[in-house]
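The values are calculated or read from the model by the stated rules, or taken from the named source; none is laboratory data. Being a predicted model, the structure only gives us computed values, none of them experimental. Here the Cβ positions follow ideal geometry from the backbone for every residue, glycine too, while neighbour counts run over all protein chains shown.
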Amino acid sequence: MLTEAQRAAYDRDGFMVIPGVFSPAEIDELCRVTDEFVRAAAQIGANDDVYDLEDTHSAAEPRVRRLKAPHLIHPAYFRASRNHKVVAILKELWGSVRFDTGKLNMKSAGYGAPVEWHQDWAFYPHTNDDLAAVGIMLDDATEQNGAMLVVPGSHKGPVFDHHGPNGRFCGAMDPARCDIELSRAVPCLGKAGSVTVHHVRTVHGSATNVSGEQRRFLLFQYRAADAWPLLGFKDGIEKFDELLLAGEPTLHPRLAPVPVRLPLPPAEHQGSIYENQRASGRRYFETAGARPLAAE
């Protein structure tokens, strides 16, 4: 699945964009199912186990910013999470693949919420960092509609502080206090059906959707079979091994000399990264109605 150039780029930059992984028919099905969930959100008045809603959501105008764990709520999302091409890509990187979880982030035209700068590693450190998130573009990703921004090479740097002024985890870096040039960030652009793969320690975020086109981004998290979560796996070893997609299970976690900063005490606001980041007091990206700072 990967060329030598793609593998080299991933090792160097901590991310890659691969076009045409999902067929038009697969994307059409995922979009249709997503539209059904958005329409059904008109009956939902507050965040729950399925929906994370925009602050401006209403029954008359349903506005969803995330579907939580989509692979658990519809077969189409489940199939996407086990896509054989995706598994093959990750197997080439690690030799084994274990599924973790997923989410579907949506940026509706003109107001889709930003995600502040962060590293996924801050949320779920493991015994080694052979972990990545795969993002499936359900729509074309452009600089105007809030495509994911990544800082090349940041996966080889430190784990930045994601704690807020009160000392609790908040899921967001403080740009004013981080020794990193966020101006070097590049957008992950591509046509619908393309996928992004970004390393678990890569610094990334996304601006508000200021375009007239929506941007739906289906994200699944994966790890190597010998990467074990430091905060534990609450459902037991049997369920853990049910998530294995390639390779053999092991009772010998690989311990790598990687930097770790635990996400404790837990975030004041639970439910999603959007809720976690409410307590950060940090806004690098402008909200709806203003030009995103990253575009300046």
Checklist outcome for this item: The residue that is farthest from the chain's Cα centre (by Cα), considering only those in segment 218-252 that are within 27 Å of Thr202 (Cα to Cα) and assigned to a helix (DSSP H, G or I), is Asp241
Next on the checklist: Given the condition within 25 Å of Leu149 (Cα to Cα), at pLDDT 95 or above and touching a Gly at 6+ places or on another chain (Cβ under 6 Å), answer yes or no: does some residue in segment 218-239 qualify?
Outcome noted: yes
Checklist outcome for this item: Picked from segment 163-206 (must be among the hydroxyl-bearing types (Ser, Thr, Tyr) and assigned to a loop (DSSP other than H, G, I, E, B)), the residue surrounded by the fewest Cβ atoms within 10 Å (Cβ to Cβ) is Ser194
Checklist entry - Just checking, which of Glu268, Glu275, Glu286 is under 24 Å from Pro175 (Cβ atoms), under 21 Å from the mean Cα position of the chain (by Cα), in contact (Cβ under 8 Å) with a residue 40 or more places away in the chain and not in a loop (DSSP other than H, G, I, E, B)? => result Glu275
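Check whether at least one residue in segment 229-240 is charged (D, E, K, R) and under 22 Å from Val115 (Cβ atoms), and report yes or no.
Filtering segment 229-240 for residues charged (D, E, K, R) gives 234-235, 238-239.
Then drop every residue that is not under 22 Å from Val115 (Cβ atoms), which leaves none.
Within segment 229-240 (the criterion being charged (D, E, K, R) and under 22 Å from Val115 (Cβ atoms)), the answer is no, since none of the residues qualifies.
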Checklist entry - Just to be sure, is Glu213 of a type outside the set (Gly, Ala, Ser) and in a loop (DSSP other than H, G, I, E, B)? => result yes
Checklist entry - Counting only residues that are buried (at least 20 other Cβ atoms within 10 Å of the Cβ) and among the hydroxyl-bearing types (Ser, Thr, Tyr), which one in segment 207-222 is nearest to Ala80 (Cα to Cα)? => result Tyr222
Checklist entry - Which members of segment 26-46 meet the condition of being over 21 Å from Ile136 (Cβ atoms) and touching a strand residue (DSSP E or B) at 6+ places or on another chain (Cβ under 6 Å)? => result Ile44
